[in-house]
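Asker: Here you go, one structure.
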């Protein structure tokens, strides 16, 4: 029997790849949109693939990589760029599977702290976040030598304020240089896919085809009305009749869950806030526990086992208690407040069908591939900027697209909940908006001020874009430049070039006349335009007439003073807001040493300036040793929390008085100026939280005192550690102080480095010699200190009695202690081996200087 035209066997790719895809992944045929996309991809063309979730975008990307690395450009490299770390782990795992089978080494690069990092120096395929790719291009461009193909996953996130600009700049680098690197962009369904494809110089593949039929419905109270079916076959396109769910009409989510249980299917429920996620998960869980305990359902025992497992991943916080409580009923919540181990456990348990339902915030939809048979969006609005706003159509359709698991379900059900009075009327409006409506256009966010100053500096520093013309040309190649006239951008570019120069992040090297040869004629004409728009047509005739010189100045015979308006022309001056002179296109620039450092540290230039000024003040404080102006950890923490790169905690009205009191206590310790009260108190709260963290407050205490969840704290810890490391580097390279103050400068650097370590481990000073060892966190290190063990060497002298005392404490085991002792022995051996031996010929002679 002949294989179909969609068969994997028909593809002109290495036989080993075909064999792996069919036998290991069980994929024998391509879906229709995959068949359309594979032609330009295998031919090496830039391709934008805009198809629904679970329609096989990733497989096309993987096949493109294989074709490039093993057929068209043997020995070259590939990069798979993802927007989120969670997605990176998933792609790394899949690419490693096929890479191992084909002899391709896959590397993962996320950041210095992430344990999932692998060696990327000798990798054929590198999986990384957009920010990490940008950092590698700035600091380690040699790693990207031989690059032949880039996969840009979730490229529609160019629309995102935080991640979009970096993703856009990454892709622009290759469009600007007209390189032969193939770009495969994977996108959700968007409104302006044609425009995005044109910008990428890519073939566009658009399809609404899904491997699993998607039935989209509105849920008004407990009345379910199917509104639309997206199906791969006409037989499944007919809508079923409306129906009413069993269960309490006043509690539609309980009715929806019980309907799911009756059909033995899993559910994802999306809500707008973390508090809602926890509250709803608890309510649903309690309902199941009550119902199934009465029915003596054995599943309750399985959930108890899950509760024991999840308890081992917690951090003694109330949010961990809530998770343990809700999982007892097979329902869990999922949001960024959980730690990474908890989130991963929830995701894996759901994939293995051990969990009935996840109640999540919308970030789950964009973060990981976690489909379910049924998806319910309870909250279609979120509170933003002081008012309730509809979610975007794009975001809602992303969530709805999670319904239906390929190879497991023949249909996916996506329900939109219609709340409040007149819910039936609202159902029609909601259906029209989200089910039948078109997704929004993707709009560049590169025009934001912080994005422009960061990336202009980066281009001048390491991007090879070092003159005014090339800067304009580069930004013309961005999606922003493609979407709107470049002249709209010029004023902002000019502003930030001026600002970077004034703050000594870049220097002007002067004009290079030779550059005129590379500038198109129409641009140089435009630059030298005289603006004489109303010059009459006879002027050209007059210019050619003998004896007429239009440039000759005539004397003014009037005795009236020269004036402009009501001012003497000789007295006229621009005000302080006068426009700056436009830079000549042939003006060249170079980053200063400070600018290069700021770029290398991946800092916003404003952060670099703030840190440098604050650290200079710190040095002066150490020199003067004034007890009224001390150098403290809280002063340094407030400094880093004041940077544009830090993400401060927001405060509540109930915290206002306490924060004001804290502010007055540490006022003389601050190394930078205070701003508006709202901003200042957010910085005070962040400073206070981080200081309590390094004073070894438990998560439960921090949660109670500051209302801070473990996941949120972890993200701030990582930011603080990075900023403190950057601060140390800035001070080390700062040549402001002469050698007379080098000792004071060193004191500040050591203080900053010590604080960085304490932030990393969340401990007091005395624990630092112990927490550096693997699996010895601050809790176990404190156990050792409490037993009188101050240094690693003292652990080697443990008596049998001391070992037994240690092993009797929670969290300690024989293998852990044995590994710790062996690690310390190795460290001591290395240290002793590096000690300099005394030599007789090193002893100075009596009259030596």
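Computed from the coordinates by the stated procedures, all read-outs in this text should not be read as laboratory data. Nothing here was measured: the structure is a model prediction, and the numbers come from that model. In this analysis, Cβ positions are derived from the backbone assuming ideal geometry, glycine residues included, and neighbour counts consider all displayed protein chains.
Asker: Got the relative contact order for region 213-435 handy, in percent, Cα pairs under 8 Å and 6 or more residues apart?
Answerer: Over region 213-435, the number comes to 27 percent.
Asker: Within 10 Å, count the other beta carbons around each residue, average over each peptide in 44-54, 296-306, 410-420, and list them highest first.
Answerer: 44-54, 410-420, 296-306
Asker: Got the relative contact order for the chain handy, in percent, Cα pairs under 8 Å and 6 or more residues apart?
Answerer: The value is 10 percent.
Asker: Peptides 804-815, 757-768: what's the order by average Cβ count within 10 Å, highest mean first?
Answerer: 757-768, 804-815
Asker: Match the structure shown to one of the listed values (i) 32.6, 97; (ii) 32.0, 113; (iii) 30.4, 99 of Rg and Dmax of the Cα atoms in Å, computed from it, and give that label.
Answerer: Identified label for the calculated read-out: (ii).
Asker: Label region 626-734 by shape, choosing from rounded, prolate and oblate, from the square roots a ≥ b ≥ c of the eigenvalues of the Cα gyration tensor; if a/c is under 1.5 it is rounded, and otherwise prolate applies when a/b is larger than b/c, oblate when it is not.
Answerer: Cα axes put region 626-734 in the oblate bin.
Asker: Applying a 10 Å radius around every beta-carbon, put 621-627, 348-354 in order of their mean neighbour count, most first.
Answerer: Top of the packing list down: 348-354, 621-627.
Asker: Let me ask you something else. Once the piece of chain linking residue 495 and residue 802 is laid out straight, how much longer is it, given 0.36 nm per residue of separation minus the C-alpha distance between them?
Answerer: Result: 103.9 nm gained on full extension.
Asker: From the Cα gyration tensor of region 234-282, with a ≥ b ≥ c the square roots of its eigenvalues, which class applies: rounded if a/c is under 1.5, or else prolate if a/b is larger than b/c, or else oblate?
Answerer: Here region 234-282 falls in the prolate category.
Asker: Between residue 707 and residue 39, how high is the FRET efficiency from 1/(1 + (r/R0)^6) when r is the Cβ-Cβ distance and R₀ = 56 Å? Nearest 0.05.
Answerer: Approximately 0.55, to the nearest 0.05.
Asker: What is the extension gain from residue 827 to residue 178, computed as 0.36 nm multiplied by their sequence separation minus the C-alpha to C-alpha distance, in nm to one decimal?
Answerer: That pair, residue 827 and residue 178, stretches by 228.6 nm at full extension.
Asker: Counting alpha carbon pairs within less than 8 Å and at least 6 residues apart, what relative contact order, in whole percent, applies to region 763-833?
Answerer: In percent, rounded to a whole number, it is 30.
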